[in-house]
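Here's the structure we're looking at; comments come further down.
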Amino acid sequence: MALRRPIKTIRVFLDSTVLMAASISTTGAGRELVLRGLRGALKLFISPLVVIESERNLQKKAPRAIPVFEIFKQVLVASSVDPSHRMVLEVARAVALKDAPIVAAARRARATYLATYDQKHLISQRQMIQASFGISVVFPDEVLKAQELADAP
């Protein structure tokens, strides 16, 4: 009998766009990503800023999603990371100050992936963020595909 090599859990930082999408829709890659994380197939991370942004935007745009968001928040808060002010300033040398707290939190979490739907600010900077910090900025479906490949025999 061949021994299977232990699978290293993929570390994923979720930005507010993914957490919001997962709270609003019962389908889609964002929701599947969060559900896989809750089942332990992925290690998910958020930050206090992600929680604040998500909650504020859901209250304005999709208040009916708040109960689902609250459930996700209660589980994910155990994996919350808060980068230091110094780390945010270091990251801000390479990315816009607005995005620095998110990239810094992903860095603090030692995330392989920063999952986002933010094309304007994060996806558009994926090459620079990868080169500077070793974090792949991707859409949620890209993380799901990478996880499936990693789990394949």
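The values are calculated or read from the model by the stated rules, or taken from the named source; none is laboratory data. All values derive from a computational prediction rather than experimental measurement. Note: ideal-geometry Cβ built from the backbone for every residue, glycine included; neighbour counts use all protein chains shown.
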In region 18-57, which residue that is in a helix (DSSP H, G or I) and polar (S, T, N, Q) is farthest from the chain's Cα centre (by Cα)?
N57
Being assigned to a loop (DSSP other than H, G, I, E, B) and on the phi < 0 side of the Ramachandran plot is the requirement here; does L97 meet it?
yes
Which residue pairs have Cβ atoms under 9 Å apart, sit 6 or more places apart or on different chains, and have a first residue in region 134-153 that is modelled with pLDDT under 95 and a second that is in a helix (DSSP H, G or I)?
Q147/L33; Q147/R36
Checked region 128-143 for anything outside any helix (DSSP H, G or I) and at negative phi; matches are I135, S136, V137, V138, F139
